[in-house]
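Asks: The following block contains the structure, expressed as structure tokens.
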Amino acid sequence: MILALISTIAQFAVSVNYNMVDYLPEDAPSMQAMDLMEDEFDEPIPNARVMVRDVSITEALAYKEKLEAIDGVTGVTWLDDVIDLKKPLEMADPDTVEPYYQDEKALFSLNIREGDEVKTTDQIYDLIGEENAISGEAVDTATSQKMAGQESLNAAALLVPIIIIILILSTTSWIEPLFFLTAIGISVLINLGTNIFLGEISFVTQSVAPILQLAVSLDYAIFLLHSFSDYRKRVSDPEEAMRRAIKQSSPAIAASASTTFFGFIALSFMNFGIGADLGLNLVKGIALSFISVIVFLPALTLMFYKWIDRTQHKPFFPSFNGVGKRILKLRIPSLFLLLLLIVPSFLAQSQTSFIYGVGEQPETTRAGADAAAIQEEFGKNTSMVLLVPKGDTGKEEELVQHLEKLPHVSSVTSYVNTVSSAIPPDYLEESATEPFYSENYTRITMNTETDSEGDKAFSLIDEVRTTAESYYDEVHLLGESVTLYDIKNTVEKDNTLVNMLTVISIAIVLIITFRSISIPIVLLLTIQSAVWLNLSVPYFTDSSLVYVGYLIISTVQLAATVDYGILFTETYRHLRQKMPAMKAIKKTIDDKIFAILISASILSSVGFILSFTSTNPIVSSIGLLLGRGALLAFVMVVFALPAMLVIFDRVIEKTTFRANFYKGKGA
């Protein structure tokens, strides 16, 4: 309790990082380019656009000055930076003017300092009012930062009552669910507080980890207290009943915790830091939940077990006896349906189209509505910066001309086409050349008409890089789309490694738990099929999926829901030593379907509530996949797993060490 109290206070000192760029590996090309530009140039890349309606050129220039004066804005670019506004606007090239000013609407590009997004965007909103608009990376970060804390509270406010209702329905005591929630809640608080030793966590971890830890590890507390309740009926001394309950339930809890623990460890091997950040947090959380259930919960229960006795109520659900018999009639159709769906779902989930950033903000939010308004008036625009060695003006001019002809490049800004290749830079003041030249490098800025990601954006990055490399041996490219391109390449490499490590680590735990070669294969096939079915839905519904959510859920769903299979198979194995396969499987379904249903209901509720309450596309995507995945895992364990256990009974017996299966009549 003392640790939980300290941790509750300590969690407020843990900073949250909302910038996905910071989680790219240091050797990613865009990260190296960013470091180089920060060393060489003072002026950063624009990360926001502000549109002001109904303004003249003079009024727009006044707005530019006000924007530059806001603390946190480190640079503003507008039309006066690319043409001489002392000359009549009609004499200028319309293609140069229109990206900045048209129909009395001015569009400014600005950079907002990292870490000041919320404060600075609030001041910009105050300046421009409701009728004007601001969008960009910095705005998305500020929106996520504002919403994350409130949305976590909203999710918890919805989730805790739902979990309590589910637990009350599943127990015979009004107060027992509070014991479950207290034991796991204490471990969640300690986990949040111990993040102070990490210094910083990602916004995904802050939003997902506490709720996921609660949902995944609640089973441990349920296992222990149900076992304690059973021993109370046989032993008069509560302490002795608890000792036996710990001894009896510890192997099942340890096996369940181990599969989840090692599954989450696999996330820690991701090169993309958000996965590693979440993985480490969940691993820590599972370990703390296990300790809490084995150490804290027994002490809490023995102090207040009389409260459980005094608040008994009749079961709300009737017995599930006879359900197994009805489900087993569907064993052949279930297995046939699984075989029919497994290959298409495996192929479909590998063909899903992905989003590698946070995606677009919903138009119901101010940020989403503003982004849509700016795009409607000025079109799509993504900035890209190219750094090449300084010195050869002729080569630079050829490159700029080549870049201007590339499809989807709307404009190119460089010294040679903004000032003049005929004027040596040394003849001009530093203020005129510093946007374009550092001591060692030339900076060329491109505006593109693509989204920040997607096939067009990524193809253009390849084209720009190939074009620049035909002129220079050293080329550095950076910008939002370049960063997302690097995130795409990083997480796609992570996918194979993480999935392989998850399956291998869980398989090893299952082999040790069941001392069998075939049981782990049957269990992994059951749960992995549910994962593939879940991840194939976006392909069949022709919708894009946030890749970070896909990658995390492919690990989390397998690690979290394999517990259903473990509980089911462990019960079946013990019963199979006393009775024939059909009788054992029927009794297993009758005995365990309710426990698995409760666990799946809690995990599914967690997922759907995260999806419902979060406006952050990554968190919402993880929630939707988790909610749907828990339900699919439940269906697979209840229908497909019994069919496989019965059909492969002989194989399981021969490949399991000391199976000791029943050999009597009807076996």
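Asks: Being surrounded by 19 or more Cβ atoms within 10 Å (Cβ to Cβ) and part of a loop (DSSP other than H, G, I, E, B) is the filter here; which residues of region 9-18 pass it?
Replies: Tyr18
Asks: Select from region 398-424 the residues that are β-branched (Val, Ile, Thr) and farther than 19 Å from Arg465 by Cα and write down the one among them that is surrounded by the most Cβ atoms within 10 Å (Cβ to Cβ).
Replies: Val416
Asks: OK, next. Would you please list the contacts, defined by Cβ atoms under 6 Å and residues six or more apart or on different chains, that run from a residue in region 617-635 that is under 9 Å from Ser604 (Cα atoms) and assigned to a helix (DSSP H, G or I) to a residue that is modelled with pLDDT of 90 or more and hydroxyl-bearing (Ser, Thr, Tyr)?
Replies: Gly627/Ser604; Ala630/Ser604; Leu631/Ser604
Asks: Follow-up question, since we're still on this one. Which pairs have Cβ atoms under 7 Å, sit 6 or more apart or on different chains, and link a residue in region 441-462 that is farther than 16 Å from Lys380 by Cα to one that is assigned to a loop (DSSP other than H, G, I, E, B) and among the basic types (Lys, Arg)?
Replies: Sorted first by the residue in region 441-462, then by its partner, the pairs are Tyr441/Lys390; Thr442/Lys390.
Asks: Still on this model: Under 6 Å by Cβ, and 6 or more places apart or on different chains, what pairs join a residue from region 525-551 that is part of a helix (DSSP H, G or I) with one that is of a type in the set (D, E, K, R) and surrounded by 21 or more Cβ atoms within 10 Å (Cβ to Cβ)?
Replies: Correct list of pairs: Asn534/Arg628.
Asks: Residue by residue through region 489-509, note down the ones that are touching a residue at least 12 places away in the same chain (Cβ under 8 Å) and either touching a strand residue (DSSP E or B) at 6+ places or on another chain (Cβ under 8 Å) or among the hydroxyl-bearing types (Ser, Thr, Tyr) (or both).
Replies: Across region 489-509, the qualifying residues are Thr490, Thr502, Ser505.
Asks: Just give me the residues in region 51-89 being assigned to a loop (DSSP other than H, G, I, E, B), farther than 14 Å from Tyr101 by Cα and among the hydrophobic types (A, V, I, L, M, F, W, C), in sequence order.
Replies: Of everything in region 51-89, just one residue is assigned to a loop (DSSP other than H, G, I, E, B), farther than 14 Å from Tyr101 by Cα and among the hydrophobic types (A, V, I, L, M, F, W, C), namely Ile70.
Asks: Could you please let me know if Ile598 is in the same structural domain as Gln213 (by TED's automatic domain parsing), surrounded by fewer than 24 Cβ atoms within 10 Å (Cβ to Cβ) and not acidic (Asp, Glu)?
Replies: Yes: the conditions hold for Ile598.
Asks: A follow-up question, please. Pick from region 441-464 the residues that are part of a helix (DSSP H, G or I) and under 25 Å from the mean Cα position of the chain (by Cα): which of them is surrounded by the fewest Cβ atoms within 10 Å (Cβ to Cβ)?
Replies: The extreme case among them is Asp455.
Asks: If Ser229 satisfies all but one of (1) in contact with a helix residue (DSSP H, G or I) (Cβ under 6 Å, 6 or more places away or on another chain); (2) more than 30 Å from Met147 (Cβ to Cβ), what's the number of the condition it fails?
Replies: For Ser229, the failing item is (1).
Asks: Would you confirm whether or not region 384-397 contains a residue that is touching a residue at least 12 places away in the same chain (Cβ under 8 Å), among the aliphatic types (A, V, I, L, M) and surrounded by fewer than 21 Cβ atoms within 10 Å (Cβ to Cβ)?
Replies: The answer is no, given that none of the residues of region 384-397 is touching a residue at least 12 places away in the same chain (Cβ under 8 Å), among the aliphatic types (A, V, I, L, M) and surrounded by fewer than 21 Cβ atoms within 10 Å (Cβ to Cβ).
Asks: In region 269-301, which residues are in contact with a Phe, Trp or Tyr (Cβ under 9 Å, 6 or more places away or on another chain) and closer than 23 Å to Ile168 by Cβ?
Replies: Result: Ser289, Ser292, Val293, Leu297, Pro298, Leu300, Thr301.
Asks: Name the pairs: first residue in region 68-83 and on the phi > 0 side of the Ramachandran plot, second residue of a type in the set (A, V, I, L, M) and at pLDDT 85 or above, Cβ to Cβ under 6 Å, at least 6 apart or on different chains?
Replies: Here the result reads Gly72/Ile112, each pair linking region 68-83 to a residue that is of a type in the set (A, V, I, L, M) and at pLDDT 85 or above.
Asks: Residues in region 194-206 that are part of a helix (DSSP H, G or I) and over 21 Å from Glu151 (Cβ atoms): how many?
Replies: Number of matching residues: 3.
Asks: Further, regarding this structure: Across region 299-333, what is the number of residues that are hydroxyl-bearing (Ser, Thr, Tyr) and not in a helix (DSSP H, G or I)?
Replies: 2
Asks: Would you check if Ile589 is of a type in the set (A, V, I, L, M), modelled with pLDDT under 90 and touching a helix residue (DSSP H, G or I) at 6+ places or on another chain (Cβ under 6 Å)?
Replies: Answer is no for this residue.
Asks: Something else: Cβ contacts < 8 Å: first residue assigned by TED's automatic domain parsing to the domain that holds Glu397 and within 19 Å of Ala92 (Cβ to Cβ), restricted to region 415-433; second residue in a helix (DSSP H, G or I) and among the small types (Gly, Ala, Ser), any location; separation 6+ or different chain. Result?
Replies: These pairs meet every condition: Val419/Ala432.
Asks: For region 465-486: of the residues being crowded, with 23+ Cβ neighbours inside 10 Å and among the β-branched types (Val, Ile, Thr), which is nearest to Leu551 (Cα to Cα)?
Replies: Checking each candidate, the answer is Thr483.
Asks: Sticking with this structure for a sec: Which ones in region 45-65 are exposed (fewer than 15 other Cβ atoms within 10 Å of the Cβ), farther than 25 Å from Gly368 by Cβ and not hydrophobic (A, V, I, L, M, F, W, C)?
Replies: If the condition is that a residue be exposed (fewer than 15 other Cβ atoms within 10 Å of the Cβ), farther than 25 Å from Gly368 by Cβ and not hydrophobic (A, V, I, L, M, F, W, C), then Ser56, Thr58, Glu59, Glu65 are the ones that fit.
Asks: Let me ask another. Among Thr364, Thr352, which is polar (S, T, N, Q) and touching a strand residue (DSSP E or B) at 6+ places or on another chain (Cβ under 8 Å)?
Replies: The unique qualifying residue is Thr352.
Asks: Moving on to the next point. Would you be able to tell me the number of residues in region 128-161 that are part of a helix (DSSP H, G or I), over 23 Å from the mean Cα position of the chain (by Cα) and surrounded by 15 or more Cβ atoms within 10 Å (Cβ to Cβ)?
Replies: Residues that pass the stated criteria total 1.
Asks: Please go through region 559-576 and pick out each residue that is farther than 13 Å from Gly629 by Cα and touching a residue at least 24 places away in the same chain (Cβ under 8 Å).
Replies: Within region 559-576, Asp563, Gly565, Ile566, Leu567, Phe568, Thr569, Glu570, Tyr572, Arg573, Arg576 qualify.
Asks: Also: Of the numbered conditions (1) touching a residue at least 12 places away in the same chain (Cβ under 8 Å); (2) under 27 Å from Gly136 (Cβ atoms), Ala372 fails exactly one; give the number of that condition.
Replies: That leaves (1) as the condition not met.
Asks: A further question on this structure: State yes or no: is Leu403 among the hydrophobic types (A, V, I, L, M, F, W, C), in contact (Cβ under 8 Å) with a residue 60 or more places away in the chain and in a strand (DSSP E or B)?
Replies: no
The values are calculated or read from the model by the stated rules, or taken from the named source; none is laboratory data. Model, not experiment: these values are computed from the prediction. For neighbour counting, all protein chains shown are included, and Cβ atoms are generated from backbone atoms with ideal geometry for every residue, glycine included.
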